[in-house]
Amino acid sequence: MGYGYPDGALERLQEEELGILKEVARVCVQLNLVWFMDSGSCLGALRHGGFIPWDDDIDVALPLADYRTFCAEAPALLSEGFGLYTHAETANYPPLWAKVYRKGTRFMSQQMADAGFEQGIFVDVFAFSRLDSRPRTAKRQMRMAARWQRLSYLRCFARPKLPDGLPLRPVFQLGCRMAHGVAHALLSPSFIERRFERSFSMGDGAGPWCDLFYPAYGTFETETLFPPVDAAFAGERFPVPHDADAYLATMYGDYRALPPEDRRGAHPPVVLDFGDGINVMERAR
């Protein structure tokens with residue numbers, strides 16, 4: 001097995017995700033949108049010329065205005081067999097960002113199963129936006145955005161994923177179950193989304209850029225991100241941030257160095273079905 005997947009399953013998953021990525025690229029070109037490969041996918045492009053060998057997802061990002069256009073227009077433009085998840089339009093969908101997925105497939109984590117959400121094999125679609133030019137206000141925006149993303153998960157998950165080695169883990173698990181009940185009863189998805197959008201619309205939009213859904217990744221100057229440039233990825237070429245070296249150094253530090261083997265982990269689901277009704281993860285048990 002490779003990184004928690006049965007033999008050959010991770011490679012097959014990566015190939016499926018590459019097909020979704022090509023569809024995302026096609027729609028972005030059709031709509032004349034600015035976009036780039038984000039986070040670990042950009043790292044894979046620069047360090048490996050494709051997927052990080054143990055990676056099992058693809059991330060892309062757009063500036064907020066283009067992200068909104070993508071979410072509004074993509075459902076009508078995606079080829080047959082592809083769909084779009086968004087928080088506003090998809091029931092029981094915990095993330096606040098969008099995902100393009102392959103219809104008829106299943107990629108189910110335990111958390112998604114707990115939320116009652118049937119998730120297909122997907123590519124994550126994130127949004128970058130400019131923060132306030134005042135550092136104190138910008139930090140507040142980032143804290144608020146992260147808080148509402150966590151609350152969206154807590155509303156859907158009674159058992160959110162907790163860090164390994166967390167002290168008093170049973171206490172935190174009990175607290176999460178109690179908080180889940182309160183959040184599910186008091187916070188509607190639309191309320192969470194409105195508050196999340198308020199977090200990044202409150203500023204003057206003249207400061208650095210950040211990933212609205214993962215602000216902990218850091219902030220970036222305009223010239224670091226734009227205009228994107230092409231890089232090789234799995235035999236194809238896709239856009240990455242303009243100064244991808246500075247971008248990745250902000251996110252990961254010395255990104256060229258491989259992590260220790262015990263940190264080379266994927267995110268294997270409990271159900272992985274490529275569309276034939278067979279859960280290949282059962283071979284991993």
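The values are calculated or read from the model by the stated rules, or taken from the named source; none is laboratory data. Source: prediction; values computed, not measured. No Cβ is skipped: glycine too gets one built from the backbone with ideal geometry, and neighbour counts run over all protein chains shown. The protein model used for the area step is the full one, side chains on, heavy atoms only, and it has no ligands, DNA or RNA in it. Shrake-Rupley method; radii C 1.70, N 1.55, O 1.52, S 1.80 Å.
Summary of values
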read-out: For the chain, accessible area per residue (1.4 Å probe, heavy atoms of protein chains only), Å²; value: 49
read-out: Extended-chain gain in nm, criterion 0.36 nm per residue less alpha-carbon gap, residue 182 and residue 254; value: 21.8 nm
read-out: Dipole moment magnitude, nearest 20 debye, the chain about Cα centre, only Lys, Arg, Asp, Glu C-beta charged; value: 1340
read-out: Surface accessible to a 1.4 Å probe, residue 242 within the full protein complex, Å²; value: 90
read-out: Candidates 124, 254, 243: whichever shows maximal mean-square fluctuation once the chain is modelled as a Gaussian network with Cα springs under 10 Å; value: 254
read-out: Highest-MSF residue in the chain out of 12, 169, 26 [GNM, Cα springs under 10 Å]; value: 169
read-out: Residue 278 versus residue 22: modelled label distance in nm, points set 7 Å from Cα along the beta carbon direction; value: 2.3
read-out: Electrostatic dipole magnitude of segment 115-257 [Cβ: Lys, Arg +1; Asp, Glu -1; Cα centre; debye, to 20]; value: 1020
read-out: Structure-derived Cα Rg over 2.2 N^0.38 Å: which label, when the choices are (1) 1.05; (2) 0.99; (3) 1.11; value: (2)
read-out: Modelled FRET efficiency - R0 30 Å, residue 190 with residue 140, Cβ distances, 0.05 increments; value: 0.85
read-out: Max mean-square fluctuation residue, GNM over the chain, Cα-Cα springs under 10 Å, options 205, 165, 40; value: 165
read-out: Segment 89-207: C-alpha gyration tensor shape, a/c 1.5 cut-off, then a/b vs b/c; value: oblate
read-out: Lysines with Cα under 29 Å of residue 139, excluding same-chain neighbours fewer than 8 positions away; value: 99, 161
read-out: Unit charges at the beta carbon, dipole of the chain: most positive-side option, 113, 269, 229; value: 113
read-out: Full-stretch length increase - residue 246, residue 29 - with 0.36 nm per residue and alpha-carbon distance subtracted; value: 75.6 nm
